[in-house]
Each structure stands twice: as structure tokens, then as C-alpha cells.
Amino acid sequence: MMLEVQDLRVAYGKIEALKGISFTVNEGEIVTLVGANGAGKTTTMRTISGLRNVVGGSVTFEGKDITNMPSHERVKLGICQSPEGRGIFPGMTVRENLDMGTYTRKDHKSSAKDADLARVLELFPRLQERITQLGGTLSGGEQQMLAIGRALMSRPRLLLLDEPSMGLAPKLIAQIFNIITEINKQGTTVLLVEQNASQALRRAHRGYVLETGHVVKTGLGTDLLNDPAVRAAYLGGH
Amino acid sequence: MSLSESLRSVTSGTRSVSRLGEALAKQSRSVRWSFGAICILALYLLPWWPNVPVLGWIVETPGTSFPSVLTDQVVIFVLVALGLNVVVGLAGLLDLGYVGFYAVGAYTVAILSSQHANLPWLLCMPIAVLVSMLAGVILGTPTLRLRGDYLAIVTLGFGEIIRITANNLHWLGDSRGISNIATPPSIGPLKFGVLDAKPYYFLGFTTILIVIFLLRRLENSRVGRSWNAIREDEDAAELMGVDTFKFKLWAFAIGAAIGGLAGSLYAGKVQFINPNNFPLQLSILFLAAVVLGGAGNMWGAVVGGALVAWMPERFRGFADKRVFVFGVALVLVMVFRPQGLIPRKIRKERWLESWKPSTGTALGSKE
């Protein structure tokens with residue numbers, strides 16, 4: 001088991017956003033958390049990254065308790081998040097943004113970093129075209145690609161993707177999901193948070209359905225996809 | 001020539017300065033070095049600039065001795081702007097109480113060289129820098145968890161606390177202040193007395209050069225890169241593995257140290273300080289200097305600091321309307337150059353030119 005979240009409770013002031021959720025991610029998997037607005041998906045991601053303090057419960061990564069570890073140290077362990085929305089550095093160029101991804105890497109040989117840069121640019125050819133442009137001048141979809149690419153530059157063992165499809169055109173969504181599958185095939189474990197449940201469940205090995213801070217259902221991605229209750233609640237019931 | 005026209009010419013002037021910088025970057029190393037050396041020499045001779053025929057009147061300060069304006073105002077403001085630029089411009093932390101660190105530096109020198117001991121200035125100065133740095137860490141440790149406006153309010157309070165404490169503690173000379181502060185030691189023909197301000201200017205300008213050299217190294221290091229990321233997006237920086245708290249604290253400490261250094265120079269020059277030398281308004285003017293020059297650009301901070309210090313003296317001829325003229329000038333600069341006189345872009349643009357968008361070997365061109 002790569003990541004184990006147990007009875008996690010997180011609160012914003014007096015309001016509990018996560019009321020004791022548990023789930024696991026195994027090495028090599030794509031696991032997705034789906035749910036409506038306010039279900040606690042982004043809070044879960046921010047907590048796994050260490051940006052939010054927990055009220056109770058634990059987060060274990062590869063057997064190590066990281067519940068109270070500072071955010072930046074989790075990156076060194078191999079957890080890297082592509083944040084929700086426009087979590088890029090707007091005043092840095094695309095290249096500088098990608099370079100920030102290698103911030104914690106100890107291998108000073110630039111050849112390894114260059115190889116990773118080439119790989120990211122191969123996954124996202126659009127970033128190659130925009131390489132000297134400032135991050136803030138990119139379109140929403142390009143910024144999303146940049147955020148994912150930047151996270152990949154850290155060579156994560158576990159890649160956390162928070163709403164990678166948010167605000168994107170349908171064609172671009174399919175493309176992003178293809179890339180996520182490709183990244184996973186190349187050996188990176190992925191934890192994916194999505195409102196676009198149908199795409200996410202189709203791509204994921206396993207899924208968890210979140211509802212107002214609780215896990216209400218879990219199962220194989222395809223099973224959840226065909227579950228009538230899930231279909232009715234999240235997939236528009238067709 | 002109307003005011004806005006003259007302002008346009010000022011702003012186009014800074015644009016040609018940046019163009020000059022680009023042109024210079026293309027020159028060979030020796031050309032760049034000799035250009036730099038000539039500039040530095042010319043600036044060392046700054047106290048004599050008003051004596052230059054035809055053009056001298058532009059810089060002269062009617063009613064006040066020009067060398068004194070340089071030492072008491074310009075040098076101090078440039079140093080302070082350099083320090084505050086680290087905090088505000090590089091790390092993106094809004095500090096409205098920067099005068100507090102400046103005061104800590106000045107008071108440390110005053111206490112150690114006059115009020116409670118008789119240490120020489122040369123020994124007091126490094127102690128003042130360390131004490132200010134410590135003050136930065138003490139203020140920063142609990143407050144740097146705050147962000148944006150909240151941090152600004154807390155720092156605002158800090159500046160006032162320092163001033164009011166000095167005003168009320170007998171140990172700090174209360175409202176009467178501290179006099180007979182030690183001056184820097186005389187070196188050969190450079191006599192640090194009350195008659196000639198020029199030696200102080202040479203000392204101050206040399207200090208500025210050293211600070212610029214050190215800051216440049218810092219800016220281009222991993223530390224500078226971390227500050228850049230924190231300013232752009234603190235959460236994203238943390239997610240990329242930047243220890244944001246540590247680097248924010250470093251920015252605060254380094255900024256405070258430079259502020260304290262400026263304070264120790266000031267105390268050594270004027271030899272008498274009291275709490276009224278460190279009003280809240282000074283914090284605002286320091287910030288104005290950084291923003292006017294171009295937050296995040298060291299050369300901008302230098303220009304902004306020099307202008308904010310020099311302009312009120314230059315406009316002294318307007319008598320009681322001089323502050324108004326100064327204010328209008330500031331507003332106009334911000335209207336026409338919202339990013340400041342020398343925005344932070346310059347370095348980036350040069351960086352872009354060196355990047356050739358192609359695959360393969362070019363990937364390794366940087367780093």
C-alpha cells in the first residue's frame with residue numbers, strides 16, 4: 001500500500017469539511033475521488049499535500065506516518081500535487097515553471113533533468129510552443145498542462161491531480177485524461193480528484209465517492225460507473 | 001514643458017536605460033566592466049555634480065548642502081530601499097513597519113557608543129546589523145504565518161512599538177534622544193567630522209556597492225528562486241517543496257539587517273537621534289521608494305530610493321508646497337509607470353533571448 005488515509009478529519013474553523021474519511025492507494029494504480037461541490041475532494045488533496053492541518057486521523061505514505069509532516073518535506077518523499085485551478089507561477093515563464101518542479105531534486109546532473117523536460121514537452125507539445133511565454137499568459141487548458149508537467153518534473157512517486165479537467169473544452173478533457181493514463185503507464189501512481197465523474201471513473205482502477213465529508217461508496221472504477229445510484233447522482237442519469 | 005510631458009521624458013529615459021542595459025549585455029566582458037567602472041567613479045564624484053557647468057543645476061538642492069542631502073537622505077534611502085526590496089519586491093511580503101529595523105540599528109549604535117558604553121562605531125555597526133537581524137527574526141517568527149494585509153498591519157504595529165518604546169524608556173534616552181554618538185574612524189585624509197559630509201558619502205556609497213554585490217549573488221541563487229516562487233504563489237511554492245516559512249524568515253532577517261545597517265550609518269553621521277527621527281511616515285516613504293523604483297528590481301530600488309530622498313530637497317524652492325509637488329510627482333510616475341521606473345522584467349527578457357525554442361541539445365543551454 002502506497003498511501004493510506006485513515007479516519008481523516010479536517011475542519012475550517014468549526015465547520016468540519018472531512019468527517020472521517022478512509023481510503024488507500026496502491027502502487028501503480030489510478031485512484032479517483034469523485035463527488036459534487038463541497039464534498040471535500042480538494043480539502044482531501046490539500047491535506048495529503050500538507051497544506052491543511054488535520055483534526056484527527058492519519059495519513060501514511062509507504063509505511064511512514066506523514067500526518068504532521070510539513071508540506072515541502074512531503075515533496076522529497078515523492079508526493080507532488082498539481083493544484084486546482086491556476087496553481088502555476090504566473091510571472092515565470094513556462095520553462096521557469098517547469099524548472100521549479102525540480103526544486104527538491106538532489107541529482108545535480110542536468111542530463112536527467114533535461115531528459116525529464118524532454119519527456120514532459122513530449123507529453124504536452126503545447127508547452128514546447130509556449131516555452132518562453134509567461135505562465136499567466138497561457139490559456140486555462142495550457143495552464144493545467146503546465147501544472148501537471150511541473151509536478152511531473154519532480155519525478156513524483158505519487159502524483160496528486162486536483163480537478164485537471166476544470167474549465168476545459170470537452171476535446172481537451174479527453175486529451176488530458178489520455179495523458180494521465182499515459183503517465184500512469186510510465187510508472188507513476190496517480191490520485192485523481194474530479195467532478196467529471198464519468199471520465200475519471202472510466203480511467204481509474206478504483207474509485208471512491210465522496211459526499212459532504214464522508215466516503216459513501218467505493219469500488220472498481222467500471223463498477224462505480226455502472227452503479228445506478230452513482231449514475232443518478234453524478235453522471236446525469238442517462 | 002508641462003509636468004506630464006517632463007514625466008513622459010523621465011519614463012522614456014528609464015526605458016532607454018533598460019535598452020542601454022540590453023545593448024551592454026551584448027558587449028564583451030571588458031567593455032561591460034569598463035562601463036561599470038566609469039559609472040561607479042562618476043557616482044563617487046556625485047558630491048561635486050552641482051558644480052558641473054550647464055547641467056549642475058538639475059541635481060543641486062537649493063537651501064541645503066548637496067553633500068548633506070546625499071549622506072543624510074539619499075544614501076540612507078537607497079540602502080533602506082535595497083533592504084525593503086528584498087522583503088516586499090522579492091519575497092512579496094508587505095512590510096509597513098520597516099522603519100522599526102532602521103531605528104533598531106540606529107539605537108544600537110547610539111546605546112553602545114554613547115548612552116551606555118563607549119565602543120567605537122566600527123564595532124557598533126556590525127552589532128547593530130546583528131541586533132536588527134535578530135529583531136527581524138523575532139518579529140517574523142510569529143507573524144510570517146499571516147498573509148497579505150494581516151502581515152502589513154502587524155508590521156505597522158511593530159514600527160510604532162519601537163518608536164513609542166524609545167520615546168518612553170529612560171534607558172533609551174526617552175523623548176530627548178541620545179547625543180554624542182560615535183562617528184566612523186578617520187581613514188587617512190577622510191576625516192569623519194561635522195564639517196565635511198563627503199567622507200560619509202564615500203563610506204555610504206561603498207556600503208551600497210557591497211550590499212548590491214551581495215544581494216545580486218543572493219538573487220541569482222536558490223534563495224532568490226525560492227523568494228520568486230513564494231511571491232508568485234505561496235501554496236504552489238510549498239507544493240513544489242519550497243520551505244516557504246524558512247525563506248520568508250530569511251527575507252525578513254536580511255531585509256532587517258540592511259535596514260539596521262542604514263540606521264547605523266545614519267546615527268554615525270548625525271550623531272544625535274531621538275524618536276521623532278523614526279515616524280511611521282518614514283516607513284511609508286521607504287515603501288514608496290521601492291514601489292516607485294519598481295518592486296523586485298534592485299536597480300529600481302536604488303533609483304526609487306535616490307529619487308524619494310532627493311526630490312523633496314530639490315523642490316525646496318516651492319516652500320510649503322514642496323510636499324504637494326513631491327506627491328504629484330509620485331502619482332504621475334505611478335500613472336505612467338505602474339510597474340515602477342525600472343520594472344522587474346528586464347532580467348527575464350534577457351533570459352528569454354538566450355533560450356532557443358527547439359528540442360535536443362538546446363535543452364541543456366541553461367543550468
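The values are calculated or read from the model by the stated rules, or taken from the named source; none is laboratory data. Quick caveat, the model's predicted, so the values are computed rather than measured. Neighbour counts run over all protein chains shown; Cβ positions are idealised from the backbone, glycine included.
Scanning segment B:185-226 for residues that are buried (at least 17 other Cβ atoms within 10 Å of the Cβ) and either touching a Lys or Arg at 6+ places or on another chain (Cβ under 6 Å) or of a type in the set (Gly, Ala, Ser) (or both) gives B:197, B:200, B:204, B:224, B:226.
For segment B:259-310, the set of residues classified as under 19 Å from residue B:107 (Cα atoms) and of a type in the set (Phe, Trp, Tyr) consists of B:266, B:272, B:278, B:286, listed by residue number. In segment B:169-179, the residue that is modelled with the lowest pLDDT out of those that are buried (at least 19 other Cβ atoms within 10 Å of the Cβ) and part of a loop (DSSP other than H, G, I, E, B) is B:173.
Evaluation of residue B:70 against the conditions (1) part of a helix (DSSP H, G or I); (2) under 14 Å from the mean Cα position of the chain (by Cα); (3) within 18 Å of residue B:258 (Cβ to Cβ) shows that the sole unmet condition is (3).
Taking the conditions exactly as written (in the same structural domain as residue B:249 (by TED's automatic domain parsing), of a type outside the set (A, V, I, L, M) and outside any helix (DSSP H, G or I)), does residue B:206 satisfy them or not? No, not satisfied. Listed here are the helices (runs of 4 or more DSSP H) enclosed by segment A:12-109 that have at least 1 residues being more than 14 Å from chain B (Cβ to nearest Cβ): A:41-49. Of all residues in segment B:289-300, one or more are more than 14 Å from chain A (Cβ to nearest Cβ) and either under 20 Å from residue B:130 (Cα atoms) or surrounded by fewer than 22 Cβ atoms within 10 Å (Cβ to Cβ) (or both).
Selection of segment B:278-309 for residues being in a helix (DSSP H, G or I), farther than 30 Å from residue B:174 by Cα and not aliphatic (A, V, I, L, M) yields B:293, B:299, B:300, B:304. Flag set for residue A:107, criterion: farther than 14 Å from residue A:81 by Cβ and either small (Gly, Ala, Ser) or surrounded by fewer than 18 Cβ atoms within 10 Å (Cβ to Cβ) (or both). Mind listing whichever residues of segment B:141-151 are surrounded by 18 or more Cβ atoms within 10 Å (Cβ to Cβ) and in a helix (DSSP H, G or I)? Of everything in segment B:141-151, those that are surrounded by 18 or more Cβ atoms within 10 Å (Cβ to Cβ) and in a helix (DSSP H, G or I) turn out to be B:143, B:151. Please find, within segment B:232-249, the residue that is modelled with the highest pLDDT out of those that are closer than 19 Å to residue A:43 by Cα and more than 7 Å from chain A (Cβ to nearest Cβ). If we take residues in segment B:232-249 being closer than 19 Å to residue A:43 by Cα and more than 7 Å from chain A (Cβ to nearest Cβ), then B:237 is modelled with the highest pLDDT.
If the requirement is being surrounded by 20 or more Cβ atoms within 10 Å (Cβ to Cβ) and without any contact (Cβ under 8 Å) to a residue 40 or more places away in the chain, which of these qualifies: B:229, B:182, B:166?
Details: B:182 fails: without any contact (Cβ under 8 Å) to a residue 40 or more places away in the chain; B:166 fails: without any contact (Cβ under 8 Å) to a residue 40 or more places away in the chain.
None of the other options fit; the residue is B:229.
Identify the residue in segment B:17-75 that is among the hydroxyl-bearing types (Ser, Thr, Tyr) and more than 14 Å from residue B:205 (Cβ to Cβ) and, among all such residues, is modelled with the lowest pLDDT. Steps first, answer last, please.
Step one: filter segment B:17-75 for residues among the hydroxyl-bearing types (Ser, Thr, Tyr), giving B:18, B:28, B:30, B:34, B:44, B:61, B:64-65, B:68, B:71.
Among the residues that remain, those that are also more than 14 Å from residue B:205 (Cβ to Cβ) are: B:18, B:28, B:30, B:34, B:61, B:64-65, B:68.
On the way: B:18: 64, B:28: 79, B:30: 85, B:34: 89, B:61: 82, B:64: 82, B:65: 86, B:68: 86.
Among those residues, the one meeting the criterion is B:18.
Checking B:138, B:111 one by one, the residue that is in a helix (DSSP H, G or I), among the β-branched types (Val, Ile, Thr) and free of Cβ contacts under 8 Å to residues at least 40 places away in the same chain is B:138 and no other.
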